[in-house]
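Quick notes on the structure that follows.
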Amino acid sequence: MTKSELVKKLKDKYDNLYVKDIQMIVDTFFDEISSSLASGGRVELRGFGSFSTRKRAPRKARNPKTGEQVELGERYATYFRAGKELRDRLNNN
């Protein structure tokens, strides 16, 4: 599902809201999650899961086009862990 599909589903469900307002709410929601993760925080959505960041050590990688080795520096990656309710819902269907 894309962000625009989410906005459309919310508009279909709540037809009393304007599309512009729904877009602002969805954008704000994702901006707040991004800001929290960027500042080193953790985002927990009960029943859905939690987002956090993990530090990845520097490593050597290969350029797939040329095959030459490239040094990748230390960086952070986003990590998602599904909550119990989401895991149960996925595994029961």
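Listed here are the residues, each with its yes/no results for (1) exposed (fewer than 12 other Cβ atoms within 10 Å of the Cβ); (2) assigned by TED's automatic domain parsing to the domain that holds Glu5.
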{"residue": "Asp15", "(1), (2)": "yes, yes"}
{"residue": "Val26", "(1), (2)": "no, yes"}
{"residue": "Ser34", "(1), (2)": "no, yes"}
{"residue": "Ser50", "(1), (2)": "no, no"}
{"residue": "Arg59", "(1), (2)": "yes, no"}
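The residue pairs whose first member lies in segment 13-27 and is farther than 11 Å from Lys3 by Cβ, whose second member is at pLDDT 95 or above and in a helix (DSSP H, G or I), and whose beta carbons are closer than 6 Å, counting only pairs six or more residues apart or on different chains, are Val19/Lys11. Does Arg89 qualify as being within 23 Å of Asp31 (Cα to Cα) and not assigned by TED's automatic domain parsing to the domain that holds Glu32? Answer is no for this residue. Could you check, for segment 36-46, whether at least one of its residues is free of Cβ contacts under 8 Å to residues at least 24 places away in the same chain and on the phi > 0 side of the Ramachandran plot? Yes: one or more hits.
The values are calculated or read from the model by the stated rules, or taken from the named source; none is laboratory data. The model shown is predicted, which means the values in this text are computed figures rather than measured ones. All Cβ positions, even for glycine, are placed from backbone atoms using ideal geometry, and neighbour counts span all protein chains on display.
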